[in-house]
Structure formats: C-alpha cells, structure tokens
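Sharing a structure here in structure tokens format.
The values are calculated or read from the model by the stated rules, or taken from the named source; none is laboratory data. Keep in mind that this is a model prediction, so the values were computed, not measured. Here the Cβ positions follow ideal geometry from the backbone for every residue, glycine too, while neighbour counts run over all protein chains shown. Note: accessible area is taken over every heavy atom of the protein model, side chains too, but ligands, DNA and RNA are not part of it. Shrake-Rupley method; radii C 1.70, N 1.55, O 1.52, S 1.80 Å.
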Amino acid sequence: MGDYAGIAERIVSRAVKQGADDVIAGIGVNRSYQVRFAQNEPVISNRWREVGAFAGMVVQKRVVGTEIKDLDRVDEAVDDLVATARKSQENPQYGGIAQGPFEYKQSAPDPKILNLTDGGDLVYAAINAALEEGAKETAGSFWKYDNETFLHTSNDAVGHQRSASLSLTIRALMGPESSGHDVACATSASAFRPEEAGRHAGEIAVLAKAPKQGEPGTYDIVFEPLAVGSLVNEVGSRASAFAVLAGLSPFKDKLGEKVASEGVTVADDGSADSLGGRSFDDEGVPAQRNTVVEKGVLQTYLHNTSTAKLFETETTGNAGFIAPEPHALFIEPGDWSRDEMVAEVKDGLWVTNTWYTRYQSYITGDFSTIPRDGIFRIENGEVTEVWKDVRLTDNLLHLWSQVDGFGKEAQQVKWWYEVPTPSVVPHMLAREIGITRSAE
Amino acid sequence: MSELDLVEWVVEEARNRGASYAEARYENQRQEQFLLKNGILDVLFNGNDRGMGVRVLYDGALGFAAGNDVTKDGARTLVEDAIAIAKSGSRKQKIVFTEEPGVEAEWKVPEKKPLLDTPIEEKLEAVNHIDRELTDLGLNLAARIFSWSGTGIDKYFVNSDGAKIRSYSPRARMLYFLTVVHNGDVEQGSRQLGYGGGWEAFSAWDAMNRVLDEARSLQKSLEKGKKSPEGRMDLVAGPQVTGIASHESCGHPTEADRILGREASQAGKSFITPDSIGDRIGSDVVTVVDDPTVPNTIAYYEYDDEGVKARRRYLYKDGLINEFLQNRETASVLGTQSNGAARAVNYNVEAIVRMANTFVEPQDWRVEEMIEDVKDGIYMKSFSEWNIDDKRYNGKYVGREAYRIENGEIGAPVRNTVVELTTPAWWSAVDAVGKDFEFEAGFCGKSDPTQSLDAMLGGPTIRLRDVYLR
C-alpha cells in the first residue's frame, strides 16, 4: 500500500505553495467485490482495485477540482489545476472550508467482511430461500463494499476512515408480472441476512401471482420499507442546499414550516452505524446527526461550509464535491405492525416497491413513481386482489403530509438508483394518495 | 512496457492461465466540466480518469477485474482476480460467446476545433454569454443552471479472438435547466445537448436560440397557458417526445439482456419475449432504429466494447418487432449474432447491451400538414416529467411546451398535458411520421454498478390519433 496520507498532504502543500487559498485533497481506495446473479445463477463476478486522488482548491475565490488516477502525476496535476483556476471565474458566493483540526469517532470495519473473498454461499442463501418460498426465478446483486479515504485540507483537517459493508438485492419472480423484491444490508458479517431478503422477496412474488389491472383513484397506501426508502431519499436529496438554490426542491423557503404530518421525523446521520456511516464529510467536518424534519416541520437544509455561510447558519457536515448531500437517512419508527396498518385500511393498497421517480415540477413537488413487484388491493382491512400497471401520481409535500403512521421496526435499505442513500426506515401508512393508470 | 503493450500482454496472460476467452480495455478519459448556477461559476473541474478492465470467461463463468495500477504487476493481479472470481462464480449453464471476427482497426471522431484543446475561457464565455442574454429578457428567473462537459475517451480494446481496436471519441454535452416564476406560478424547462466532435458543437447546437426560446415559452405558458383538456383526441408529438418514446418504449424493451432476465433486479425485464420477433407493436408507419454510426452523435462508435462492428439496428420495422439489441453473450443464447450493442461507460465496468442513438425513422409529412388535419388535439413539442414501468409497457409523458389544436390551427398554450399510454397503444396510434428530425442527448441508466451512459434519442414529429389525454 502506498503512503496515501502522505500524497494527500503533498497535494495540499504543493497547491498552497502555488498560491491556492483553500485546498482539500482526498485519496480514495476501492477494494470492493460484487457478484451479479440472474436465472438463479451468477452471471458475472466483479472486483475492483482502484486508487484515485481528488483535489479541490480555491484560488482567489475561483473554485476548481480534479481527479487524478495516475498518482505519479500528482504534482503535475496540481500545477495544472492551479493554472486552470487562474483562468476561471470568481465565485462570489464561495464561503470557505471548515477550520480544523477535528477529532473523529472511528469505528473499525468488521474483519470478517474485509477478509471475505467468495460471496457464493451468501448469494445462494438468498436464491435458495426465494426458491423455497415458491419463486421460479431470481436475479440480483451481492456487494462487499470496502472503501478507504485519506483526507487532508489546508485548514488542518486530517482524517482517515475505512468502511466495509455487505448488501444484497434480490428480485424473485413467479412469472413475467408476479415478483417480489427485498434487500439485506449490514456493516457486520454476523448481522447480514441474505436468506431473509430472499425469503421475503419469494413470499411477495408468490402472493403477487395473477395480478389484474389496477384502477385509478385515491387510496390509502401501506408502503414496505423499500418503497419508503425511495420516498425518503427524495426528502434527503431535496433538502440539500444545492437543490434549494438550483430550483430543484419543493423545500425552498419552507424552513420552520410544516412539510409533513406531525408523525414524521427524518434525520440524516452519517455518524450512526449504517452503510452510509462515516467519520467525516468531504471537507473533513465530523459526521453528525441532523434532524431534517421534526414532527413534520422542516428544520434545516443539508449544508457544507460554503452553503451554510450563504444561509447564515453552520455546516451540517454534509459536504460533497459540489453539492451537500445526505449520508444516511433515518425515519423515527412508530408503533404499528404492518398487519395492523393493513387492517386499518378500508380502501387502499399495499405497495412493496417503487421505481422511476420523476418530477413535473421540482418547485411544487408534483411527481410520479411506479409501484413495482407486489401491489396488493386492500378492502376493509383485508388483502383482496393483486394489481399491476398503476402509477403513483401525487405531490411530495402532499404525500408526506398524508402520513398517518409508521411501523415499529425499521429496516436498512439501499438499492440501485432508487435508494442511493442508505435509509433505515419502517413501514409507512399514507392516506388518500393518487393512483393513475395507462390507457390502452 | 507501454500501456498498450500491457493490454495485449494481459489478454495473453489470461489465456495462459486457462481462460477460454479474455479481453482487456484500457481507457484514458480526459474530462472538463463546469457548472454555472444563477450566473455564478460554482466549480470548474478537469480530471484524468484512466485504468484497465479485464474480463475472462473461465469454465463458462465470467470474471471482471478493474484497476488503475497500469503496470505489469498491476495487470497480473487483475488477471488473477478475474480468474479467481470467475471460478468462485461457477455456473451449471455455461456462458458462451458468439464467434465474431477478430478485427484490427483504429477509428477516431473528427474534430474541426479539438474539443479539449479549445481554451476553457472560450467555453466559459460562450455559456456566460447565453446567461447574460437570458437575464436580459427581463423574466423572473428563480433559478438558472448551465452545465458543460467535454470528455475525450482514448480507448484500446484487445481480445483473445484477435481483435485490437484503438479509438478516440471526443464528446461535448451541455445542459440547461430554467425556472421561471410569474404571479406566484412556476414553470421549469430543461434540455440536454450532445455532440460527438470538437468545440464546433456549440455552434451546431444553436444553443443561444434554444435557451432563449425555452425561456420565452416558459413565460408564455405562465401568462397564457390553459388547463389541458381531458378526453380522447389527437396528439402531435415533437421530436423530443418522439425521442424519449423511442428510447423508453422501443430501445429498452428490445435489449436482449433484459429479455433474458439479466437485468431483472435493477433496470427490469421486458414485455417482449424471445419469441416476439414479428409481432405487431404499432402501425405500419412506425420504424424505430438504433444506430451508433450516425456522425457527430455522442454515442457514435465504429466497433463496440466487445470488438464487434457497429451497424444500424431496425428494432421496430413497419410496425413489427424486428430485432433485439445484442452482445456476444445474449446473441449466443438466442441463436443469432451480436449486432454490436455492447458498451461500457468506463474501463472499470463490464460492457453490457446498450442503446446508442435511438430514433423513429423520418418519413414524408410536413409538421404543418399533420396539424392541418387535426380537428381536436394537442401539439406537445417537449416534455417535463416522464417515466415507464420496468417491463417498458406503461409510459407517461407530461407536456412542457404544448399547444391546443382546433380545426387544424395551433391555439393557446396548454399546461401539463398528460399522456399515459401502454407501449402498443402509443405506437399503434401513430398515423403520420414527419420529415423533420432532431436529436437530444440523454444519460441512459442501467446495470449494477450503475452505468449512466451517453445516448441520443430523437426523431421527427409524429401524429397519434384518438388517444386519451388529460
């Protein structure tokens, strides 16, 4: 292993000597491993051995960044970047980077995960559990994430963190229109339960057989955690100060206002144990818990030092390269079981997953997303039918204001484009949500 | 050993270690990007991403390893990794690739004004100029975003079938996203422009007029836009709408890896099955193609990332499902040949079945002729929200710039017209295909790890008869 901490320090000192006012240098090491599977067998196994440097610097309020994959060229790349900055334009809104030094809470990655070189048994545990439930076909991915970061800034933030985790996503199918989906995520090998994900995906697939076309209308909906994860990711990403400034958020001008029902409390917490856990953000600010929505009221946007200055507040420790971003989202659980939620619904749906969320207007929050996998009709507290081909068409603020309760147990979910930020979320019941359907 | 020699060595090394097939891809991607947000340059980025990916077929299982230690030791480690994980991912159903000729070739996209050698100051000024003209319109612009990116992809591909292909592909992209407010009401519009070639991209796009026209049309919608009527009527869809429908409702469902279930857990499957070739999907005026060989597109290539020669693919032809997008693995399963659709977004991910430039083939109608013949309908020039289910059957497009058509005349703007149709319903309703043509750039998302790939989508204006709109 190279002296990555030394390279980060060298980037900073060289850039400062060349005239940079603020410098952030990070070295990222990726040693991850993945098995993709389909039709109940592995289709490809992937392994990465990558080391790359990132340098962000500011020269007279000109903000520039670079990625360097050839670490032998670091000096040259730094010189080029300083020269590029001099040709660039001032950012009058630039508000600096955080002042260190900082002390970081360190948690050691599970050695059992670091030492894992063959995920075959874990993959087959999920596949076989789904097949035992009666599913005919499975597909998914197993991931061993192993990432390390060395950070050094010109404001004396110096940090090192290594994280390791396991995740598995599995979709089980009974036929072309009957499927179930679940994920397993853990930061310790002993807490990783691929067979539970497989079993649950298989159960839903079997329940979802012979679906009929759904009917447009307004329904109470019980959401599985996978769907809640996708919806809460919309809260997290729209709460970024960047999104607010760019016209990409319905939360603009809503600090201190009600944006959800009283039962909704959402936090972003990079300091907690999750797949998004970390010691510090991209500026070196220690990760912390930020309550974004408390009892339905918007408490804060997610900030880096620069956006915080613009909004006359403090950084929330959410710096990303350009935009502040959530690390890991948590919804405060309630006291319902899923069965109690279903029993409570007179005229509604049980939605197990959603995908392809898109906005008509980011400012108003009008959007739609598509329920996929098991979609179940609930009438008078009982599941009566299986549906297909419907679309959830509503408004983000309206949807969260219609939340009537959460499950008592939270599940950690992370899945592809749909749940990019790991989220620890329970079941959710929302009332009178819009459902539409395609015309023939 | 040079990086290129290393690519050849690594393939040989993998074969020596027992791989029945091996390929290696070295990529050096030079990138420059900037983001102008509300008139302020947020950040200017330039970077150099380079490394090598090695894929092996070992006892019928695939292993892929990627890294950026481009030395002999680093390359040897990648071979060891790829073979070790292929062994651990063994299969009952052995993966087989189709036989394809091992081509030696070199291709390069021509640049009138080399993209990455053009000074960054010139690019910054060009985009700033648009922003100044935009603000001079005097509209209440609550937010305005411009992003520029220029990428030069230098690639060397070698496989154990004898292919040795060197290429250089410069790609320019610009995105704008505008938010206009009027009397407390808001409209948003965006577009992605793409070009394969040099800095001449900027004039080819006519970016200034596009942005100013978009801003004016947003204002017009706010001032004069009416609620879109509900019911069955005709829809005249502009090239941007035709393009997204081509991509979502034809390109994706004809990807053979989706049809075979390889993407089931992520991007999904398809309503199309291996037996669907020849089935009717639309009216006989509908022909949708995917073609990587269209010059000056960001998805242009001459050979794919498995070394197979690129060609035009007729996915839907005369209203019938005609051809799937194939790589060497899917083609082998389906008993055909690859049609050169294997692409990877970078060295560190496997090549999978992808679209390139997907569009409806133009025919002979003028837009005015299509509109003249509509008694009651909507002219949807562009869209805002869109999505489609993972089997690519239930699509939705919401109009951004749209107008009422009554008795053959274009009338007032209408807001947020929704067309929510099944794929066969969409293509079966088409009765006229225009002679106009326009492309838009897109990022196509697929695979795991996610690969957001350069694609273009487009076509002419088309007319759909008697569809339900709201």
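If contacts are Cα pairs under 8 angstrom and at least 6 residues apart, what is the relative contact order of chain A in percent?
The value is 15 percent.
Using each residue's phi in the stretch B:119-130, evaluate 6.51 cos²θ - 1.76 cosθ + 1.60 at θ = phi - 60° and report the 3J(HN,Hα) Karplus result to the nearest Hz, with x for Gly and Pro.
In residue order, the calculated couplings are x, 4, 4, 5, 6, 4, 5, 4, 6, 4, 4, 4 Hz.
Right, something else. To the nearest whole number, what is the average tally of beta carbon atoms from other chains within 10 Å of the beta carbons of peptide B:67-76?
That average works out to 3.
Quick one: which residues, 5+ away or cross-chain, put their amide H under 5 Å from the amide H of A:Q411? H built at 1.01 Å from N.
Under 5 Å from the amide H of A:Q411 lie the amide H atoms of A:V425, each far enough along the sequence or on another chain.
Here's something else I'd like to know. On C-alpha positions alone, give me the angle between the axis of helix B:72-88 and the longest principal axis of chain B, in degrees, nearest 10.
80 degrees
Quick one: which residues, 5+ away or cross-chain, put their amide H under 5 Å from the amide H of A:I378? H built at 1.01 Å from N.
Those qualifying (amide H under 5 Å, at least 5 residues apart or on another chain) are A:G348, A:L349, A:W350, A:T384.
Quick one: which bits of the stretch B:34-51 get at least 20 Å² less accessible when the partner protein chains are in, versus the chain alone, with a 1.4 Å probe?
Residues of the stretch B:34-51 that lose at least 20 Å² of accessible area once the other chains are added: B:L35, B:K37, B:I40, B:L41, B:D42, B:V43, B:L44, B:F45, B:N46, B:N48, B:D49, B:R50.
May I pose another question? Classify the protein assembly as shown as rounded, prolate or oblate, taking a ≥ b ≥ c as the square roots of the eigenvalues of its Cα gyration tensor: rounded when a/c is under 1.5, otherwise prolate if a/b is larger than b/c and oblate if not.
rounded
Can you tell me the equivalent ellipsoid semi-axes for the stretch A:4-206? Use √(5λ) from the Cα gyration tensor, largest first, whole Å.
Result for the stretch A:4-206: semi-axes of 45, 17, 15 Å.
OK, next. Find the Rg to Rh ratio for the stretch A:211-437, where Rh is the Kirkwood radius over alpha-carbon pairs and Rg uses the same atoms. Each step should come with its number before you reach the end.
On the way: Rg = 17.2 Å, Rh = 17.6 Å.
Rg/Rh for the stretch A:211-437 comes to 0.98.
Sticking with this one: What number comes out for accessible area per residue over the stretch B:227-469 if the probe is 1.4 Å? Units Å², please.
28 Å²
Could you tell me which of the pairs A:K105/A:K414; A:K252/A:K309; B:K87/B:K309; B:K72/B:K112; B:K155/B:K309; A:K136/B:K317 are separated by over 26 angstrom between their Cα atoms in the structure shown?
Details: A:K105/A:K414 24 Å; A:K252/A:K309 17 Å; B:K87/B:K309 30 Å; B:K72/B:K112 37 Å; B:K155/B:K309 15 Å; A:K136/B:K317 33 Å.
Table pairs above 26 Å Cα-Cα are B:K87/B:K309; B:K72/B:K112; A:K136/B:K317.
Write out the GluC sites (Glu not before Pro) in the stretch A:302-359 meeting two conditions: DSSP loop, and at most 12 other Cβ atoms within 10 Å of their Cβ. Display every interim value, and only then the final one.
Working: sites: A:E312, A:E314, A:E340, A:E344; in loops: A:E312, A:E314.
Counting only loop positions with at most 12 other Cβ atoms within 10 Å, the GluC sites (Glu not before Pro) in the stretch A:302-359 are A:E312.
Counting pairs of alpha carbon atoms under 8 Å apart in space and at least six apart in sequence, what relative contact order in percent does chain B give?
Numbers: 1263 pairs, mean separation 75.2, N = 470.
Relative CO of chain B lands at 16 percent.
How much solvent-accessible surface does B:V109 expose, in Å² to the nearest 10, with a 1.4 Å probe and all protein chains in place?
Per-residue accessible area (B:V109): approximately 10 Å².
With solvent modelled as a 1.4 Å probe, how much accessible area in total do chains B and A shield from it at their shared surface, in Å² to the nearest 100?
Answer for the B-A pair: about 7000 Å² buried.
Computing the accessible area with a 1.4 Å probe over protein heavy atoms, can you report the carbon and sulfur percentage for the protein assembly as shown? Display every interim value, and only then the final one.
Values: 14110 of 31360 Å².
Answer for the protein assembly as shown is 45 percent, counting heavy atoms of protein chains only.
Same structure again: At 1.4 Å probe size, put A:H200, A:H303 in order of accessible surface, largest to smallest.
Descending accessible area places them as A:H200, A:H303.
With θ set to phi - 60° and the Karplus curve 6.51 cos²θ - 1.76 cosθ + 1.60, what are the ³J(HN,Hα) couplings of the stretch B:179-189 in order, to the nearest whole Hz, using x for Gly and Pro?
Each residue's phi maps through the Karplus curve to give 10, 10, 10, 8, 6, x, 9, 9, 9, 10, x Hz.
Follow-up. Evaluate the relative contact order of the stretch A:211-437 (contact order divided by residue number), counting alpha-carbon pairs under 8 angstrom at least 6 apart; express in whole percent.
RCO, the stretch A:211-437: 31 percent.
Something else about it: Sum -39500 (n - 2.57) across every DSSP H segment of at least 4 residues in the protein assembly as shown, then divide by the residue count to get the 222 nm mean residue ellipticity, nearest 500.
-6500 deg cm²/dmol
Suppose the Debye formula is applied to equal point scatterers at every Cα of chain B; what is log10 I(q)/I(0) at q = 0.09, 0.10 Å⁻¹?
One equal scatterer on each Cα of chain B leads to -0.64, -0.78.
How large is ³J(HN,Hα) for each residue in the stretch A:78-88, as worked out from phi by the Karplus curve 6.51 cos²θ - 1.76 cosθ + 1.60 (θ = phi - 60°), to whole Hz, x for Gly and Pro?
Values per residue, Gly and Pro as x: 5, 4, 4, 5, 4, 5, 4, 4, 5, 8, 8 Hz.
Let me ask something else about it. Mind listing the long-range amide H neighbours of B:T417? Cut-off is under 5 Å, sequence gap 5 or more, other chains count too, H placed in the peptide plane at 1.01 Å from N.
It is B:G399, by chain and number.
Using only Cα atoms, find the angle between the long axis of helix A:120-132 and the longest principal axis of chain A, and express it within 0 to 90 degrees, rounded to the nearest 10.
20 degrees
For A:D121, B:D206, write out the residues from largest to smallest accessible area, computed with a 1.4 angstrom probe and no ligands counted.
A:D121, B:D206
Compare A:K112, A:K212, B:K226 by solvent-accessible area with a 1.4 Å probe and give them largest first, with all protein chains kept in place.
Correct descending sequence by accessible area is A:K112, B:K226, A:K212.
May I ask for the percentage of alpha-carbon pairs in chain A that lie more than 36 Å from each other?
For chain A, the fraction of Cα-Cα distances above 36 Å is 32 percent.
Something else now. Let me cross-check B:M1: its accessible surface, 1.4 Å probe, with only protein heavy atoms counted, in Å² to the nearest 10?
130 Å²
If you don't mind, there's one more thing I want to ask. Taking the solvent-accessible surface of protein heavy atoms with a 1.4 Å probe, what is the per residue accessible area of the stretch B:1-150 in Å²?
Details: 6080 Å² over 150 residues.
Computed with neighbouring chains in place, this is 41 Å² per residue.
Heads up, I need the accessible area for B:I371: 1.4 angstrom probe, whole protein in place, Å², nearest 10.
Its heavy atoms expose roughly 10 Å² to the probe.
Please state, rounded to one decimal and in Å, the Kirkwood hydrodynamic radius that the stretch B:317-448 gives when every pair of distinct Cα atoms enters the mean of 1/r.
Kirkwood radius, the stretch B:317-448: 17.8 Å.
Write out the GluC sites (Glu not before Pro) in the stretch A:46-134 meeting two conditions: DSSP loop, and at most 14 other Cβ atoms within 10 Å of their Cβ.
A:E90, A:E103
Using a Förster distance of 25 angstrom, determine the FRET efficiency expected from the C-beta separation of A:Q93 and A:E257, and round it to 0.05.
After rounding, the FRET efficiency stands at 0.55.
Within 10 Å of each Cβ of A:48-55, how many other protein chain Cβ atoms are there on average?
Average neighbour count from other chains, rounded to a whole number: 6.
How about the stretch B:76-171: which trypsin sites (Lys or Arg not before Pro) there are in a DSSP loop, with at most 14 other Cβ atoms within 10 Å of their Cβ?
When the trypsin sites (Lys or Arg not before Pro) of the stretch B:76-171 are filtered for loop state and at most 14 Cβ neighbours within 10 Å, B:K92, B:K94, B:K112 remain.
Whole number in Å², please: accessible area per residue of the stretch A:4-206, 1.4 Å probe, ligands, DNA and RNA not counted.
38 Å²
Can you give the average number of partner chain beta-carbon atoms within 10 Å of each beta-carbon in peptide A:167-173, as a whole number?
Average neighbour count from other chains, rounded to a whole number: 3.
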